[in-house]
Amino acid sequence: MKLLVTGGAGFIGSNFIHYWTKKYPEDVIVNLDKLTYAGNLENLRAVENSPNYKFVQSDIADEKPVEKLFASEKFDLVVHFAAESHVDRSILESDVFLQTNIIGTHNLLRAALKSKTRFHHVSTDEVFGSLEKTDPAFNEKTPYDPRSPYSASKAAADHLVRAYFHTYGLPVTISNCSNNYGPYHFPEKIFPLFITNLLEGKKIPLYGDGEAVRDWLYVEDHCSAIDAIIKSGKIGETYCVGGNSEKSNREATDRILELLGKGEEMIEYVADRPGHDRRYAIDATKIKNELGWEPAVSFEEGLKKTVEWFQNNEAWWKNIKSGEYQDYYQKQYGK
C-alpha cells in the first residue's frame, strides 16, 4: 500500500511510522507535516533515507497543496494524526486548533473523497468530556461532551469524518484513544516533562490536588490498535482504544519519582487548569471482541521503558527544551 500519514513528525505519528515500516517494509509512506513546534524530524532519523519513505512539509489547513498532493501520489490509505493537541495551549489560543483540527481535517476528507481513498481518523477520549469516580468508562455509544477548545475541535473533526461516510460513502474508520506515553513524547506533556525535569534536578509541577485520573496507553499498543482497525475494522465504525491503566496524576507521579530515585519533595503543586476534566477511562470491549486487540504493555512495564528511553536519549530532549531541534529544519524548510 501507499499510505499518507499526517502529523508523522509528531509523537504518535512518528511512532506509528516506525511501527509500520518495521511490520510492513514493502509499503510506501508519505509523511505530511507542517513542522510546528511539536513536529520533530529527529524522531524519524532511522527511516529518513529509506526509499519507501518521503517527507512533505505542508499545512493541512492549506487546501491547494493538499489537493495537489493527493492528485500526484494516489494513496491507498490516509492515517490522520495531524492535530494541535495540547489542552493548555488551546485555552490560551484556540484559533489554530480550529484551523488545524477542523478545517485541516475537512481539507483531507475532501481530497480523500475526490481520490476515493480510505481514511482512518485518530481522535481522543477527551471528546466525551469528564467522568466522576463511579461513572462507567467511555465507550463508542457515549454522548459527546467536550469541555476545552482542544476537545471541541476534535469532536467537530470526528463529526465531519462520520458525515463524509454517511453523506458521501467515503470509507472511514475512527479511533478514540486514551492518554498515550512512550518514546519521542514532546516534553510539554506530563510524563516527559516530569521525567526530564527530574533528570535535570528540577521540580515537577503537579496540577491541583493531583487526583485527576487518566487511562494510560503505551504508544506502541496504540499503533497496533490502529493496525488492527485498518486491517480488520468495519468501515464506518468507531473503536475506543484504552490501556486498562487508570491512574491518578499523583499515582503516576509517585511511580516516576520511584523509578528515578527521587522523593516527593520534588513535587511543586500548582494552580489547577481551568475546566480540568476529572477523569477519563476507556471501555475497549468492542475492539477486543471484534478485532482481538488488547494492550500488550502494562503500565508498570511501559513507564519503566519510557523512563529508560529518556535516560538514554538525553540529546534528543535537551535539544527540544533548548529549542535547538528546530534550527536545522528551519533552514531546510524555511520555517
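Taken over the stretch 198-212, the criterion of being surrounded by fewer than 19 Cβ atoms within 10 Å (Cβ to Cβ) and either outside any loop (DSSP other than H, G, I, E, B) or modelled with pLDDT of 95 or more (or both) is satisfied by L199, E200, G201, K202, K203, P205, Y207. Reported count of residues in the stretch 201-228, each being over 20 Å from V127 (Cα atoms) and aliphatic (A, V, I, L, M), is 3.
On the stretch given as the stretch 295-312, residues that are surrounded by fewer than 17 Cβ atoms within 10 Å (Cβ to Cβ) and farther than 22 Å from R250 by Cβ total 4. Within the stretch 132-182, the residues that satisfy the criterion of being free of Cβ contacts under 8 Å to residues at least 40 places away in the same chain, of a type in the set (S, T, Y) and over 21 Å from A112 (Cβ atoms) are T134, T142, Y144. Restricting attention to the stretch 16-33, the residues being in contact with a helix residue (DSSP H, G or I) (Cβ under 8 Å, 6 or more places away or on another chain) and either in a loop (DSSP other than H, G, I, E, B) or polar (S, T, N, Q) (or both) number 2.
When the stretch 163-216 is examined, which residues are found to be among the polar types (S, T, N, Q), within 30 Å of N313 (Cβ to Cβ) and in contact with a strand residue (DSSP E or B) (Cβ under 8 Å, 6 or more places away or on another chain)? Matches in the stretch 163-216: S175, N176, S178, N179, N180, N197. When the criteria are applied in full, R162 fails the requirement of being assigned to a loop (DSSP other than H, G, I, E, B) and basic (K, R). Remark: pairs (first residue in the stretch 260-277, free of Cβ contacts under 8 Å to residues at least 40 places away in the same chain and farther than 17 Å from E211 by Cβ; second residue among the hydrophobic types (A, V, I, L, M, F, W, C) and surrounded by 14 or more Cβ atoms within 10 Å (Cβ to Cβ); Cβ separation under 7 Å; 6+ apart in sequence or on different chains) = G263/L257. Among the residues of the stretch 166-181, are any within 12 Å of the chain's Cα centre (by Cα) and either in a loop (DSSP other than H, G, I, E, B) or among the basic types (K, R) (or both)? Taking every residue of the stretch 166-181 in turn, at least one turns out to be within 12 Å of the chain's Cα centre (by Cα) and either in a loop (DSSP other than H, G, I, E, B) or among the basic types (K, R) (or both).
Checking A82, A71 one by one, the residue that is without any contact (Cβ under 8 Å) to a residue 60 or more places away in the chain and aliphatic (A, V, I, L, M) is A71 and no other. Considering the stretch 170-197, and only residues there that are at pLDDT 95 or above and among the aromatic types (F, W, Y), the residue that is surrounded by the most Cβ atoms within 10 Å (Cβ to Cβ) turns out to be F194. Which residues, counting only those in the stretch 34-44, are assigned to a loop (DSSP other than H, G, I, E, B) and more than 24 Å from A225 (Cα to Cα)? The answer is K34, L35, T36, Y37.
Counting only helices (runs of 4 or more DSSP H) that sit wholly inside the stretch 53-154, those with at least 2 residues that are on the phi < 0 side of the Ramachandran plot, surrounded by fewer than 22 Cβ atoms within 10 Å (Cβ to Cβ) and modelled with pLDDT of 95 or more are 63-73, 105-115.
With the condition kept exactly as written, say whether any residue in the stretch 236-249 is surrounded by 16 or more Cβ atoms within 10 Å (Cβ to Cβ), of a type in the set (D, E, K, R), in contact with an Asp or Glu (Cβ under 7 Å, 6 or more places away or on another chain) and more than 26 Å from K318 (Cα to Cα). Looking for residues that are surrounded by 16 or more Cβ atoms within 10 Å (Cβ to Cβ), of a type in the set (D, E, K, R), in contact with an Asp or Glu (Cβ under 7 Å, 6 or more places away or on another chain) and more than 26 Å from K318 (Cα to Cα), one finds at least one in the stretch 236-249, hence yes. Among the residues of the stretch 295-322, just one is charged (D, E, K, R) and under 30 Å from A152 (Cβ atoms), namely K321.
Scanning the stretch 278-294 for residues that are more than 18 Å from E246 (Cβ to Cβ), touching a residue at least 24 places away in the same chain (Cβ under 8 Å) and exposed (fewer than 15 other Cβ atoms within 10 Å of the Cβ) gives a single hit, G292.
The values are calculated or read from the model by the stated rules, or taken from the named source; none is laboratory data. In this text, all values refer to a predicted model and were calculated from it rather than measured experimentally. Note: ideal-geometry Cβ built from the backbone for every residue, glycine included; neighbour counts use all protein chains shown.
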